[in-house]
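The next block holds one structure in the form of C-alpha cells; read it before the comments.
What follows draws every value from the coordinates through simple rules; no lab data is involved. Keep in mind that this is a model prediction, so the values were computed, not measured. A quick note on method: Cβ atoms are made from the backbone with ideal geometry, for glycine too, and the neighbour counts reach across all protein chains shown.
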Amino acid sequence: MLPKQLSDAIFTTLSDTQESAAVALFFSLLRNTPGLRQWLRIVYSDPDALDNVQGYVSGKLKPPPHRTGHSLLAWLASPDLEILDEIDRNEHTENKHARRYGGLTRSQVILYIRKYQAGKIDIAAFLTATAWRQVLPNHTPANILKIGELFLRSSITEDRPHLIRQLARAADFFHEKPVGTLTREKYGYANWWKLVLLHYILNNPKPKYCTREFRQYLMSQKLPVEEKDIRRFCLQHGIDRDKRPGRPKSTAGNTLGSSRIKS
C-alpha cells in the first residue's frame, strides 16, 4: 500500500463510528475463525447458551479461572456439557508433558530461538515484526491484531517511543528477505550454533540431553563447538543435562525437520 493510500485508509477508519469498525472486525474474525462460526450456530440455537453469553458479556456470569479459548466457548455453550471433562483431561495431559524439552516447555524453546534471532533488537519489536511479516494477504488472525494493539499501546500510550525505533530496526533486518531465507551470515556464528541447537531440541524432545549428543549433532552440521560452551549454554537456559556415564546414540542423521521456526 502506497503512503497516500495508507493515510487515506487510516483516516477513513478513524472517521468511521466505533460500531462500524467493531462490526468490520467482528466479521473479519468470523471469516478467519471457523471454530467461532460453529460455536455461534450452537449458541443461537440454544436459548440457555445465549443467556450464558449475555451474562458473561455483562459481567454477571463468571466462568472458572481455567476456562480460556475453546474451553471458555464450550463452557458458555453448556457449563454442564460432558465434553468439558474431556477438555480438562486433555489439558491435564498436555500440562503433564509440557516440560519435555530438557525441562523447558515448547513455548520457552521458541522464545529462546526468537531472542537469538533478534540479537540486539528489542525482543518485543522483533516478535511483532516476525509475526506480521508472516501474515497472509487478506487474512489477519486475532492474535496478530492483539499483538499490534499491545505494541502500539506500550509504545505510544505508555510513552515508550524507543519501541517504534526498534520496530524500524526489525523491519530493516527483514527488508527484502522472504520468510525462511535468513542464513547463518545474517545471524552471526555466535548465535547460529545456538539457534541450530535449539531447533534440534525442538525436534527431539526428551527429559534430558547429553552434552556429547549436542556436540555430535553440531559437528554433523559443520559447527565445531567445545563441550564447555555447550554446558554453559545449557546452564544459562535451564536445559537439563543427562550426566550419567555412557555414550549417547549417534545424532548425525537428525535434521531440523518440520518444526524449524521461520523468521
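Tabulated values for the structure
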| read-out | value |
| --- | --- |
| Flagged links, alpha-carbon separation over 32 Å, of K177/K208; K60/K115; K120/K146; K4/K177; K120/K206 | K177/K208; K60/K115 |
| Separation in nanometres of the label points that stand 7 Å from Cα toward Cβ, at R165 and R133 | 2.1 |
| Burial order of peptide ranges 10-21, 123-134 (average beta-carbon count within 10 Å, highest first) | 123-134, 10-21 |
